[in-house]
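As structure tokens, the structure follows; a few thoughts come after it.
Taken together, the values in this text are just the output of simple stated rules run on the coordinates, not laboratory data. The shown structure was predicted, so the numbers you read here are calculated from the model rather than taken from an experiment. In this analysis, Cβ positions are derived from the backbone assuming ideal geometry, glycine residues included, and neighbour counts consider all displayed protein chains.
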Amino acid sequence: GAGVSQSPSNKVTEKGKDVELRCDPISGHTALYWYRQSLGQGLEFLIYFQGNSAPDKSGLPSDRFSAERTGGSVSTLTIQRTQQEDSAVYLCASSTQTGAKETQYFGPGTRLLVL
Amino acid sequence: RKEVEQDPGPFNVPEGATVAFNCTYSNSASQSFFWYRQDCRKEPKLLMSVYSSGNEDGRFTAQLNRASQYISLLIRDSKLSDSATYLCVVNPTGSARQLTFGSGTQLTVLP
């Protein structure tokens, strides 16, 4: 079946502009996660959704970052007033449940470059 | 100290070689452990979970040492297609919803 999809695959924006990144999880997956991977770095957890609610927003780096999920499916990560340090690959993952041993399936990511 | 630490490598090995990666984690209460594989400019994919008694999947063997808080991955008879970055992943507590990723160990298998 279809995997996790993300759009756009690449985004170049100017400093100060807002961007929206979209994630379509695997159908039926109730848990959705956003991560950020900077060049040569490990993945950094941003936020997690169970259904439409976000019990854990602890990883969001600043109040410029927000995310929502509607209909228990698509999620949007919004970065307002982008800064150059926001440049990274933003990865979305989904899983069937939120148990500690659940496998997370990743999308291909959105490569964001802030000029 | 990082929550999950790995030797970044790179490891360059000839085809057929055996190679081992280690990873240490800081939270002694961690309950779930995984190895993910990430190809260049691709998303991470689960390679295998790591169980307390150790587990094997074909040429890959994973082991967990809770006392020393380290995880290992052994690749036998390495193939060119094994070239990738291997990510050590820990779930810090059983109730946590996020995975903590190491920065990865880069492996290149040479012909």
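Summary of computed values
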{"item": "Cut-off 17 Å, label 7 Å out along Cα→Cβ of residue B:68, residues of region B:1-22 by amide N", "result": "B:5-7, B:19-22"}
{"item": "Derived scalar couplings ³J(HN,Hα) [region B:14-27; Karplus, 6.51 cos²θ - 1.76 cosθ + 1.60; whole Hz; x for Gly, Pro]", "result": "x, 3, x, 6, 9, 9, 10, 10, 10, 8, 10, 10, 9, 8"}
{"item": "Charge dipole of the protein assembly as shown about the Cα centre (unit charges at C-beta), most positive-ward option of B:12, B:31, A:33", "result": "A:33"}
{"item": "Rounded to 5, percent antiparallel among DSSP beta bridges of region B:1-108", "result": "95"}
{"item": "Whole-Hz ³J(HN,Hα) from phi, Karplus 6.51 cos²θ - 1.76 cosθ + 1.60, for region A:10-15, glycine and proline x", "result": "9, 9, 10, 9, 8, 3"}
{"item": "Relative contact order (%) - chain A, alpha-carbon pairs under 8 angstrom, separation at least six", "result": "37"}
{"item": "Per-pair calculated FRET efficiency, R0 = 25 Å: residue A:41 and residue B:42 via Cβ, rounded to 0.05", "result": "0.95"}
{"item": "Region B:71-87 and region A:40-90: distance between their alpha carbon centers, rounded to Å", "result": "31"}
{"item": "For B:36-47, mean number of other protein chain Cβ atoms within 10 Å", "result": "4"}
{"item": "Backbone N under 16 Å from the residue A:111 label point (7 Å along Cα→Cβ), restricted to region A:8-45", "result": "A:8-13, A:37-41"}
{"item": "Violating pairs (Cα-Cα greater than 29 angstrom) within the set A:15/A:57; A:17/B:2; B:2/B:42; A:57/B:42; A:57/B:2; A:15/B:45", "result": "A:17/B:2; A:15/B:45"}
{"item": "Nonlocal amide H pairs with residue A:109, under 5 Å, H built at 1.01 Å", "result": "A:6, A:92"}
